[in-house]
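This report concerns only the one structure given below.
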Amino acid sequence: MNNLPAEKNRRVLIIDDNRAIHDDFRKILSPGTNLSAALDATEAALFGTTQAVQQIQFEVASAYQGQEGALLVKKALEEGLPYAMAFVDVRMPPGWDGVETTQKILEIDPDIQIVICTAYSDYSWGEMFEKLGHRDGLLILKKPFDTVEAFQLAHALTEKWELHQQSRQEMEALESRVTERTSELRRTNHTLQEEIVEHEHAEEELQWKTGVP
């Protein structure tokens, strides 16, 4: 498994056929964005200081149809630079809708965290979860979304993605150590068995030479 990059993965993919939505997300998440005074005040109350929150910068990519989004997820994964999360609109005519897009993306990258954005949905929440399963990496955001809520989701889910990767690496490292230790014990046991056999042969040879039973 590839090692995690030194910096946290803040790569976010926006999949929506409305270009204005992309502009809205970039204003909230992109580097160099000056957040509004209201957002600053809310974040200061939630996180302690506004300055610490503003240092969190997201790398935002855009796709305007579901198929395009799935291709970007696949390409990013192949390049070893996966997206930590995606905001996916429900209605994106004429191609895949948000639910189908989410299904395809999760088949490509099961680790990605997804927020489905919906205003007028063709699916009830129950139908969405029936199609997609009750996954802990899947949330729903109602449009028009609140700026603070969108920022919090991006922050929380990218952190969650990072923790999941770290946990997986630690588990794989533990399994590797267990496998290595098991191999060492097997080699030691094999060596010990050989030494026992050699010792028995030496005793038998000594007894034959001395005639002592």
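The values are calculated or read from the model by the stated rules, or taken from the named source; none is laboratory data. Since the model is a prediction, treat every value here as computed from it, not as a measurement. Neighbour counts are summed over all protein chains in view; Cβ atoms, including those assigned to glycine, are modelled from backbone coordinates with ideal geometry. Note: accessible area is taken over every heavy atom of the protein model, side chains too, but ligands, DNA and RNA are not part of it. Shrake-Rupley method; radii C 1.70, N 1.55, O 1.52, S 1.80 Å.
Subtracting the Cα-Cα distance from 0.36 nm times the residue separation, let me have the gained length for His190 to Leu163 in nm, one decimal.
Numbers: separation 27, 0.36 × 27 = 9.72 nm, distance 4.03 nm.
Extra length available between His190 and Leu163 comes to 5.7 nm.
List the pairs from Lys104/Lys131; Lys75/Lys104; Lys27/Lys142; Lys27/Lys143; Lys104/Lys142 whose alpha-carbon separation is above 20 Å, in the order I gave them. Walk me through the numbers on the way to the answer.
Numbers: Lys104/Lys131 12 Å; Lys75/Lys104 14 Å; Lys27/Lys142 18 Å; Lys27/Lys143 16 Å; Lys104/Lys142 22 Å.
Too far apart for the 20 Å limit: Lys104/Lys142.
Using 0.36 nm per residue, how much length does the chain from Glu198 to Glu78 gain when fully extended, once their Cα-Cα distance is taken away?
Details: separation 120, 0.36 × 120 = 43.20 nm, distance 5.37 nm.
Between Glu198 and Glu78, full extension yields 37.8 nm more.
For region 64-187, what relative contact order do you get, as a whole percent, if you take Cα pairs closer than 8 Å and at least 6 residues apart?
Numbers: 122 pairs, mean separation 28.9, N = 124.
Reported relative contact order: 23 percent.
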Of the accessible area of region 115-211, computed with a 1.4 Å probe and all protein chains kept, carbon and sulfur make up a percent value of 53 percent
Label-point gap, in nm, between Glu170 and Ser183 - each point 7 angstrom along Cα→Cβ
2.5 nm
Which of the three applies to region 131-184, rounded, prolate or oblate, going by the alpha-carbon gyration tensor with a ≥ b ≥ c and a/c under 1.5 meaning rounded?
oblate
Along the Cα→Cβ direction, 7 angstrom out, place labels at Trp125 and Asn18. What is the inter-label distance in nm?
2.0 nm
